[in-house]
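Notes follow once the structure below has been shown.
The values are calculated or read from the model by the stated rules, or taken from the named source; none is laboratory data. For clarity, every value in this text was computed on a predicted model and none was experimentally measured. A quick note on method: Cβ atoms are made from the backbone with ideal geometry, for glycine too, and the neighbour counts reach across all protein chains shown.
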Amino acid sequence: MRRVQIASILGIVAVVALVIASCTPTASTRFTVSLENVSTAPAQATELLDVTPRILVDGQDITSPLSPAVWVVHTGANPLFTSGQAASDALEALAEDGDPSLLVPALQTAAGVKSVGAVNTPEGSSAAGPIGPGGRYQFSFNAVAGDRLSVATMFVQSNDLFYAPGANGIQLFGESGPVLGDVTSQLQLWDAGTEVNQRPGVGEDQAPRQAGPNTGAAEGGTVRLVNDAYTYPDTADQIELSVLSAGAS
C-alpha cells in the first residue's frame with residue numbers, strides 16, 4: 001500500500017492529458033487507438049459467483065468500470081513495470097486508485113520512452129472519469145518503425161489489478177507496415193502486488209467502497225499475472241484495445 005495519499009478512482013475529476021514528445025522523426029505515422037469497456041450484463045443472475053463478463057454478487061450484477069489509462073510509446077521493454085519486481089509508487093497509484101497522474105511524469109525519463117500520456121475523458125463526455133460498459137477512451141500519438149505501445153488501466157472492482165501488455169509491449173509495425181485492428185489479445189490482467197486482494201466487486205478496500213485513497217492491507221509483493229482464489233472476467237469480455245487508424249502525421 002502506498003505511503004503517499006492520492007485521489008481515489010471515484011474522486012478523480014481532472015487528470016490533464018499530457019504528451020511528452022521527444023524529437024519526432026519526419027517519417028512518423030499518426031496512430032489513433034480506442035480503449036473500450038466491452039462488458040455487458042449477463043442474461044441471468046441467479047447465484048453467488050464471479051462470472052464473465054461482469055461480476056455477480058448474491059445474484060446482483062455489479063458493473064466493472066475501467067479507470068483512466070496511461071499510454072506510452074517506447075522502444076525496448078515495457079517501461080510500466082517488470083514482472084517479478086515491485087511496482088513503482090506511480091504504478092501503485094493507478095492499480096489501487098485508478099489515478100494516472102503520477103505515472104505519466106514518472107515515465108518521462110524512463111529508458112526508451114518516446115512519448116507518454118494519460119486519457120481520462122470518455123468519448124462523448126465532457127467530464128473526466130472511469131468508463132463503464134460501452135464507454136470508450138480514444139487517444140492518438142506519432143510513432144516510427146520499431147516503436148511499441150504499452151497501456152495500463154485499472155480493473156476497478158479490485159484492490160490493485162490492472163490491464164496491460166507484457167514485457168515487450170504491443171508491436172506497432174509489421175512487415176507490411178502499421179498494425180491495424182484489434183490488439184486486445186496482447187493485454188493481460190496483472191496484480192501489482194501492493195495490496196492484499198479481496199473478492200472482486202465486494203472488498204471494502206476496493207476503490208468503489210474504500211473509506212479513502214491508499215486504503216487496504218499492504219501486500220509487499222511483486223507485479224505478476226493475477227493468480228489468487230477468485231474468478232475474474234476473461235480479458236476480451238471486459239476490455240477491447242483497437243488501433244483505429246494509422247497514416248501520415
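If you go through region 77-110 one residue at a time, how many are at pLDDT 95 or above and either outside any helix (DSSP H, G or I) or touching a Phe, Trp or Tyr at 6+ places or on another chain (Cβ under 8 Å) (or both)? Before the answer, list the steps.
Within region 77-110, the subset at pLDDT 95 or above is 77-107, 110.
Now restrict to residues that are either outside any helix (DSSP H, G or I) or touching a Phe, Trp or Tyr at 6+ places or on another chain (Cβ under 8 Å) (or both): 77-88, 91, 94-95, 98-102, 110.
Of the residues in region 77-110, 21 are at pLDDT 95 or above and either outside any helix (DSSP H, G or I) or touching a Phe, Trp or Tyr at 6+ places or on another chain (Cβ under 8 Å) (or both).
Scan region 158-182 for residues that are within 13 Å of the chain's Cα centre (by Cα), of a type outside the set (Phe, Trp, Tyr) and closer than 23 Å to Gly201 by Cα and jot them down.
Once the filter is applied, which keeps residues that are within 13 Å of the chain's Cα centre (by Cα), of a type outside the set (Phe, Trp, Tyr) and closer than 23 Å to Gly201 by Cα, region 158-182 yields Ser158, Asp160, Leu161, Ala164.
For Val226, work out the one condition from (1) among the β-branched types (Val, Ile, Thr); (2) in contact with an Asp or Glu (Cβ under 9 Å, 6 or more places away or on another chain); (3) within 17 Å of Ile131 (Cβ to Cβ) it doesn't fulfil.
Tallying (1) among the β-branched types (Val, Ile, Thr); (2) in contact with an Asp or Glu (Cβ under 9 Å, 6 or more places away or on another chain); (3) within 17 Å of Ile131 (Cβ to Cβ), Val226 fails exactly one: (3).
Among what's in region 159-176 and is at pLDDT 95 or above and part of a loop (DSSP other than H, G, I, E, B), pick the residue that is surrounded by the most Cβ atoms within 10 Å (Cβ to Cβ).
So the residue we want is Asp160.
Give region 120-144 a look and list any residue that's within 24 Å of Pro208 (Cα to Cα), in contact with a Leu (Cβ under 8 Å, 6 or more places away or on another chain) and crowded, with 23+ Cβ neighbours inside 10 Å, or say none.
Pro130, Ile131, Tyr137
Within region 57-74, take every residue that is at pLDDT 65 or above, of a type in the set (Val, Ile, Thr) and in a strand (DSSP E or B) and give me the one that is surrounded by the most Cβ atoms within 10 Å (Cβ to Cβ). Quick ask: steps written out before the conclusion?
Residues of region 57-74 that are at pLDDT 65 or above, as a first pass: 62-74.
From what is left, the residues that are of a type in the set (Val, Ile, Thr) are 62-63, 70, 72-73.
This time we only want the ones that are in a strand (DSSP E or B), so: 62, 70, 72-73.
Values: Ile62: 16, Val70: 29, Val72: 26, Val73: 24.
My answer is Val70.
List pairs: first residue in region 147-176 and in contact (Cβ under 8 Å) with a residue 40 or more places away in the chain, second residue of a type in the set (Asp, Glu) and surrounded by fewer than 22 Cβ atoms within 10 Å (Cβ to Cβ) anywhere in the structure, Cβ distance under 9 angstrom, at least six positions apart or on different chains.
Within 9 Å, the pairs are Asn159/Asp205; Asn159/Glu219; Asp160/Glu219.
Only residues in region 72-96 that are farther than 18 Å from Lys114 by Cβ and in contact (Cβ under 8 Å) with a residue 24 or more places away in the chain count as the first member; pair them with residues that are of a type in the set (Ser, Thr, Tyr) and not in a loop (DSSP other than H, G, I, E, B), Cβ under 8 angstrom, at least 6 apart or cross-chain, and list the lot.
That search, which allows pairs on different chains as well, returns Leu94/Thr153.
Could you check Trp190 against (1) over 16 Å from the mean Cα position of the chain (by Cα); (2) closer than 25 Å to Pro165 by Cβ; (3) at pLDDT 95 or above and say which number it fails?
(1)
In region 231-247, what count of residues is obtained for those that are part of a strand (DSSP E or B) and surrounded by fewer than 16 Cβ atoms within 10 Å (Cβ to Cβ)?
Taking region 231-247 and keeping what is part of a strand (DSSP E or B), we get 239-247.
Add one more test, that the residue is surrounded by fewer than 16 Cβ atoms within 10 Å (Cβ to Cβ), and what stays is 244-245, 247.
Matching residues across region 231-247 total 3.
Restricting attention to region 177-194, which residues are among the hydrophobic types (A, V, I, L, M, F, W, C) and either outside any strand (DSSP E or B) or surrounded by fewer than 14 Cβ atoms within 10 Å (Cβ to Cβ) (or both)?
In the first step, residues of region 177-194 are kept if they are among the hydrophobic types (A, V, I, L, M, F, W, C); the result is 179-180, 183, 187, 189-190, 192.
Selection gives Val179, Leu180, Val183, Ala192.
Name every residue in region 213-223 that is at positive phi and surrounded by fewer than 19 Cβ atoms within 10 Å (Cβ to Cβ), in order of residue number.
So in region 213-223, the residues at positive phi come out as 214, 216, 220.
Hit for region 213-223 is Gly220, nothing else.
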